[in-house]
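Here's the structure we're looking at; comments come further down.
Every read-out reported here was derived from the displayed coordinates using simple, explicitly stated rules and does not represent laboratory data. Everything numeric here is computed off the predicted structure, so don't read it as measured data. For neighbour counting, all protein chains shown are included, and Cβ atoms are generated from backbone atoms with ideal geometry for every residue, glycine included.
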Amino acid sequence: MALNPMHQFSIKPLVTEPLFAISGHPIYFTNQALLMVIVVLATSLFLVLAVKPNRLVPTRGQSMAEMSYEFVANMIHSATGEDGLKFFPFVFTLFMFVLCCNFFGMVPGSFTVTSQIAVTLALACLVMLVVILTGFAKHGIRFFMLFVPKAPIYILPLLIVIEVISFCSRPISLSVRLFANMLAGHTLLAVFAGFVVSLGAAGGVLSVLSIAPMALIVGIMLLELLVAFLQAYVFAILTCIYLNEALHLHDHH
Amino acid sequence: MTAPDPDRLNDLGKRLDELQTRQAASVKRAPPSQSGIAFRFTTELVAALVVGGGLGWGIDWLFGHFGFHTRPVFLVLFFVVGIAAGIRNVMRAATEINAEIAKVRSSDADAGEEK
């Protein structure tokens, strides 16, 4: 049971009593919900406390908060230009939430929220909703021009269908990328951890050999930290790219 | 304590500005890794396939609901269109990644010239 590498992804209710019910389906407070609450509280608390001193020469914490602010602000500015900056709160929240979920998931024994497709798909759908609403708010009905590429009229019907499918596939590719990366990395870690346990239990020379997968785990752990950051970055930059299209339609072509 | 020399202050300000612009230019953004690019392309392609196939299946189901037995005509049709949309996605992703790599290369070249 403990050696099952997929065991870490199982969702368990922490309280036996359901919180409430939606049309008969009981909603429990699960380990996943707990982790999300922890992530949100920890991130908010860190950011609020870090910028509290507000010194000219920043403390370590303030410097980290300022760095993440500048990182996201630069990302939005380079991807969408000046008028994209009003989406800073949205993109920054998304980036910090995904990043911290990934990092909190790296703590042994905790739970990786972003390894659940339900979470990443919900985030991706939120992004698409914001993109669509922005597009309609800014361009009105002209937003549909996003689906009309420059092409001869006789081929347009086919191209419009292709563009619509391409647009609809975005939330899926956005969520699957994050979810699959986290799932794969954590499964790999668990598999190698299983090797350590079974080699150690084998006794004799084999027990000594269990050092090898242990060393590998350390390496993979470092790699996973990089992936955790990179996937949060990719999620945020793609959000910016999609927002840019909604804001400027085909202007940049 | 004497008043600070304005020339020296201006000079200091100028040097600080120079340093800051140089540092901003040399902040390197690593180009996307090979496996990252591969994974990006795969998800883009497969996602469009899934959406295309799903859409076709849905249309078939809807028509079947009203008594027209079109299954699997729309499923096949939209699956093919989904492939086209997937390739469109991959091409778009490739342009984005190329632009990103070009940006990293040009900032590298700038940093190289200053040294």
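At a glance:
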{"item": "Overall form of the stretch B:32-109 per C-alpha gyration tensor (a/c, 1.5; a/b vs b/c)", "result": "prolate"}
{"item": "Sequence-separation-based contact order of chain B, relative, with Cα cut under 8 Å and 6+ spacing, percent", "result": "33 percent"}
{"item": "Computed Kirkwood radius, in angstrom, where 1/r is averaged over Cα pairs of the stretch A:77-194", "result": "16.9 Å"}
{"item": "Listed residues A:V119, A:I27, A:L56: farthest to the positive end of the dipole of the stretch A:7-248 (Cβ charges)", "result": "A:L56"}
{"item": "Segments B:43-54, A:206-217 sorted - mean Cβ within 10 Å per residue, highest first", "result": "B:43-54, A:206-217"}
{"item": "The stretch A:7-248, dipole about Cα centre (Lys/Arg Cβ +1, Asp/Glu Cβ -1), debye to the nearest 20", "result": "140 debye"}
{"item": "Exercise: per-residue mean of other protein chain Cβ atoms within 10 Å, B:44-54", "result": "6"}
{"item": "Residue-span extension gain [B:I37 to B:M91] - 0.36 nm each, minus C-alpha spacing", "result": "18.2 nm"}
{"item": "In nm, spacing of pseudo-spin labels at A:V51 and A:F88 (7 Å Cα→C-beta vector)", "result": "0.8 nm"}
{"item": "Approximate shape of chain A as ellipsoid semi-axes (Cα gyration tensor, √5λ), whole Å, largest first", "result": "38, 24, 20"}
{"item": "Amide H within-cut-off set for A:T30, under 5 Å, with H built and near neighbours excluded", "result": "A:L14"}
{"item": "With at most 15 other Cβ atoms within 10 Å, longest stretch of chain A clear of loop trypsin sites (Lys or Arg not before Pro) (DSSP)", "result": "A:151-253"}
{"item": "Ordering of A:241-248, B:102-109, A:193-200, A:17-24 by packing [mean C-beta count within 10 Å, highest first]", "result": "A:241-248, A:193-200, B:102-109, A:17-24"}
{"item": "Inter-chain Cβ neighbour average for residues B:85-93, partner chain, 10 Å", "result": "4"}
{"item": "Pairwise centroid distance, computed over Cα atoms, of the stretch A:177-201 with the stretch A:34-69, Å", "result": "31 Å"}
{"item": "Percent breakdown of C-alpha pair distances by 10 Å bin, ordered from the shortest bin, for the stretch A:109-253", "result": "10, 28, 23, 17, 11, 7, 4, 0"}
{"item": "Using θ = phi - 60° and Karplus 6.51 cos²θ - 1.76 cosθ + 1.60, couplings along the stretch A:84-97 (whole Hz; Gly, Pro as x)", "result": "x, 5, 6, 8, 3, x, 5, 5, 5, 4, 4, 4, 5, 5"}
{"item": "Relative contact order (%) - criterion: Cα under 8 Å, at least six apart; region: the stretch A:7-248", "result": "23 percent"}
{"item": "Cα gyration tensor category, rounded, prolate or oblate, for the stretch A:48-123 with a/c compared to 1.5", "result": "oblate"}
{"item": "Environment charge at A:L121 (Cβ cut-off 14 Å; Lys +1, Arg +1, Asp -1, Glu -1)", "result": "+2"}
